[in-house]
Amino acid sequence: MTYAEVNGVSLWYEEHGSGEPLVLLHGGFWTIEMFGAFLPALAQRRRVIAVELQGHGHTPVTERPLRYETCADDVAALISHLGLGRADVLGYSLGAGTAVRIAMQHPDVVRRLIAISTPVRRTGWFPEVLAGMAQLGPEAAEGMKASPLYASYARVAPRVEDWPVLGTRMGELLRRDYDWSPEAARIQARTMLVFADADSIPPAHAAEFYALLGGGLRDADWDASKRVASRLAIIPGRTHYDITEAPSLPGLVEEFLSEPD
């Protein structure tokens, strides 16, 4: 559990378990703590490198704007700093957007990609979710102080008073428009997309994202000879907010990571 100095950011990371490296990236406002039992389940077979992104948890706020692209550069630099070569990367929500950008911007450091609950374009979120993102700022962050998000942050942040700054930076990030569809079609890493059946992203968008990776466009044939390398998982009975607690998720991840190339 320590810091790596990358791109002007003191990036906090923790290592758990042993085996092939798996980089783990949390959701917005959260810390590594959000993964609960999911992390130790992954660490039973993997060397898990869990990272706290810019302004989150132990990693301090900087003057730099918060962007998926720069967070991706930070994590790619950490992978190089640790001498991992090519690592598997798994992210949830904000971390999933970051993971997707790593695969796009730094294909040489990603072996396999698992993106949990993130759209390929901003309008992939449900309209009511986008409306909530439009309200994010220091005032909203103040109202979140009664939430588990703030409690987790307050336990580890180097400057707890930076919580409103994180709220401001998150609001700016989430209001920025993007559409990564052209780049998604060129992702080189074998990819698994994971969504809840009651996610903040409609299943139709999950299918659209999967189609950009070549999936769901034709029958796989009786011997699966026409099945694409990418995967799509829809976890039943879960939402955007509890998908990482699904008992089936560690097994899905391990099965995908263990598939032969």
Checklist entry - Which of these, 129, 89, 109, has the largest mean-square fluctuation under a Gaussian network model of the chain (Cα springs below 10 Å)? => result 129
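Around residue 156, under 10 Å between beta carbons, what's the net of Lys plus Arg minus Asp minus Glu among the other residues?
On the way: positive: 155; negative: 33, 52.
Here the count lands on -1.
Between residue 160 and residue 139, take the C-beta separation as r, use R0 = 25 Å, and let me know the FRET efficiency to the nearest 0.05. Show your work: numbers first, answer last.
On the way: r = 17 Å, r/R0 = 0.70.
Once rounded, the FRET efficiency stands at 0.90.
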Checklist entry - How much net charge surrounds residue 208 when only the other residues with a Cβ under 14 Å from the Cβ of residue 208 are counted, with Lys and Arg +1 and Asp and Glu -1? => result 0
Checklist entry - Toward the positive end of the charge dipole of the chain, about the Cα centre and with charges on Cβ (Lys, Arg +1; Asp, Glu -1), which of 62, 10, 79 goes farthest? => result 79
Checklist entry - Under the Karplus relation 6.51 cos²θ - 1.76 cosθ + 1.60, θ = phi - 60°, what is the ordered set of whole-Hz ³J(HN,Hα) values for the range 167-178, x standing for Gly and Pro? => result x, 5, 5, 5, x, 4, 4, 6, 8, 6, 6, 7
Checklist entry - By counting other Cβ atoms within 10 Å of each Cβ, how are 239, 168, 62, 118 ranked from fewest to most? => result 239, 62, 168, 118
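Residue separation times 0.36 nm, minus the C-alpha to C-alpha distance between residue 217 and residue 5: what's the value?
Net length gain for the segment: 72.0 nm.
We did not get these values from a lab; they are worked out from the coordinates using the rules stated. Just so it is clear, the structure is predicted and the values come from calculations on it, not from any experiment. Reconstructed Cβ throughout: ideal geometry from the backbone, glycine too, with neighbour counts over all protein chains shown.
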